[in-house]
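Chemist: First, the structure itself, so that you have it in front of you.
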C-alpha cells in the first residue's frame, strides 16, 4: 500500500469534482477537450469503484502528517522530533494493545510489545508525514488485534481534541491512567515543539491545530483515572446474561448501582447469580473505575467480578 485507503479515495473524489467542473465550463463547443475530459472522468470513476469494491482492511494502518516549526513544508522534518513523535504514537498503540488483550500493569514492561509493532512503510506528502502499517506474511480475514488497538488509539486521540467534554470523558472511561499519561505525552511533545498533527486511520481524518493540541494537553494534565477493587454489601437485583449487565442495591449512600459483568464470567455463572443471590443479602466484588477532573469525580463505572453470601 502506498497511502491509506481513505487518502486514495479522497484524492480520487477531489479529481472527479475538478474534472466535472471543467466539463461544465467547456460545454459542447470544444469537442476534443470534452472527449478528453470525459475519458478522464470515466477512468476516475472506475478507479473509485475498484477502491470501494475492495475487501475491508483488516490490518493496522495509520498516517501521521506533521506541520509547524519542526517541518520544512514537504521537504523535510527534524529527525529528533520525527523519531520522538512516531515513537510516542507507537508507545500509545502498544499500551492500548496490551490493555485490550492481556491487561496493563500500573508500571513495568508493556506486555506483547513485539506483536504490536508498526512499521514505517512510506513517507506521505501533504506537509510531511509517515505511513505506519502492520506487516504480516499472510492476509487476515477479520480485524487483527493490532488494527483494533490502532482504531482505539485513534478514537482516543480524536476524543482528546473534541469540543464536547462528554465525548472526552466517555473515551477516558475505557482506558487506565498509564494510557492516559502516554496520550498526554504525545500531545505535550506537539505543544513543546510548536507542531501540529493530522491523523488518518480507517475512516478517521482528524487535524490537531495548536489550539486543539493545547486543549488536549490541558485535559491530560487535569484528568486522572483511578482503578480500585471494592466489595459492597446489598442485594442483587438481577443480571442480564445476553447484554452482560447487572444491577445491585447497595446498603450505602450509593443506592442502586449498575454496570457490566466481567467478561471472564461464564453464562452458567451468571445464571447461578440470578438463581442464588437475587433479593438476598450478599457481597458484590467490583472493579471500580473513576475519572477525575481537577480532583473531582466526573465518571464512575462498575464491573461485577463476583458475588458471595453476606454471612453477617
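Chemist: How many of the residues in the stretch 154-195 are assigned to a loop (DSSP other than H, G, I, E, B) and buried (at least 16 other Cβ atoms within 10 Å of the Cβ)? So that I can check it myself, show each step before the final result.
Modeler: Filtering the stretch 154-195 for residues assigned to a loop (DSSP other than H, G, I, E, B) gives 162-164, 173-176, 194.
Then drop every residue that is not buried (at least 16 other Cβ atoms within 10 Å of the Cβ), which leaves 162, 174-176.
Result for the stretch 154-195: 4.
Chemist: Against the definition (free of Cβ contacts under 8 Å to residues at least 12 places away in the same chain and either in a loop (DSSP other than H, G, I, E, B) or buried (at least 17 other Cβ atoms within 10 Å of the Cβ) (or both)), how does residue 87 come out, yes or no?
Modeler: no
Chemist: A follow-up question, please. I need a count of the residues in the stretch 250-262 that are over 30 Å from residue 222 (Cα atoms) and either in contact with a helix residue (DSSP H, G or I) (Cβ under 9 Å, 6 or more places away or on another chain) or not in a strand (DSSP E or B) (or both).
Modeler: 1
Chemist: Among the residues of the stretch 263-312, how many are touching a helix residue (DSSP H, G or I) at 6+ places or on another chain (Cβ under 6 Å) and closer than 16 Å to residue 239 by Cβ?
Modeler: So the answer is 1.
Chemist: Here's a check for you: in the stretch 218-236, which residue that is part of a helix (DSSP H, G or I) and more than 17 Å from the chain's Cα centre (by Cα) is surrounded by the most Cβ atoms within 10 Å (Cβ to Cβ)?
Modeler: Step one: list which residues in the stretch 218-236 are part of a helix (DSSP H, G or I), which gives 218-222.
Those left that are additionally more than 17 Å from the chain's Cα centre (by Cα): 218, 221-222.
Working: 218: 14, 221: 12, 222: 12.
The qualifying residue surrounded by the most Cβ atoms within 10 Å (Cβ to Cβ) is 218.
Chemist: Taking the stated definitions as given, is residue 215 surrounded by fewer than 20 Cβ atoms within 10 Å (Cβ to Cβ), in contact with a helix residue (DSSP H, G or I) (Cβ under 7 Å, 6 or more places away or on another chain), outside the structural domain of residue 9 (by TED's automatic domain parsing) and part of a helix (DSSP H, G or I)?
Modeler: It is true that residue 215 is surrounded by fewer than 20 Cβ atoms within 10 Å (Cβ to Cβ), in contact with a helix residue (DSSP H, G or I) (Cβ under 7 Å, 6 or more places away or on another chain), outside the structural domain of residue 9 (by TED's automatic domain parsing) and part of a helix (DSSP H, G or I).
Chemist: Among the residues in the stretch 131-146, are any out of contact with any strand residue (DSSP E or B) (no Cβ under 6 Å at 6 or more places or on another chain), assigned to a helix (DSSP H, G or I), buried (at least 22 other Cβ atoms within 10 Å of the Cβ) and in the same structural domain as residue 67 (by TED's automatic domain parsing)?
Modeler: Of the stretch 131-146, the ones out of contact with any strand residue (DSSP E or B) (no Cβ under 6 Å at 6 or more places or on another chain) are 134, 136-146.
From what's left, assigned to a helix (DSSP H, G or I): 145-146.
Those left that are additionally buried (at least 22 other Cβ atoms within 10 Å of the Cβ): 146.
Checking which are in the same structural domain as residue 67 (by TED's automatic domain parsing) leaves us with 146.
Yes, because at least one residue in the stretch 131-146 is out of contact with any strand residue (DSSP E or B) (no Cβ under 6 Å at 6 or more places or on another chain), assigned to a helix (DSSP H, G or I), buried (at least 22 other Cβ atoms within 10 Å of the Cβ) and in the same structural domain as residue 67 (by TED's automatic domain parsing).
The values are calculated or read from the model by the stated rules, or taken from the named source; none is laboratory data. Owing to the predicted nature of the structure, the values given are computational and were not obtained by experimental measurement. With ideal geometry, Cβ positions are generated from the backbone for all residues, glycine too; neighbour counts draw on all protein chains shown.
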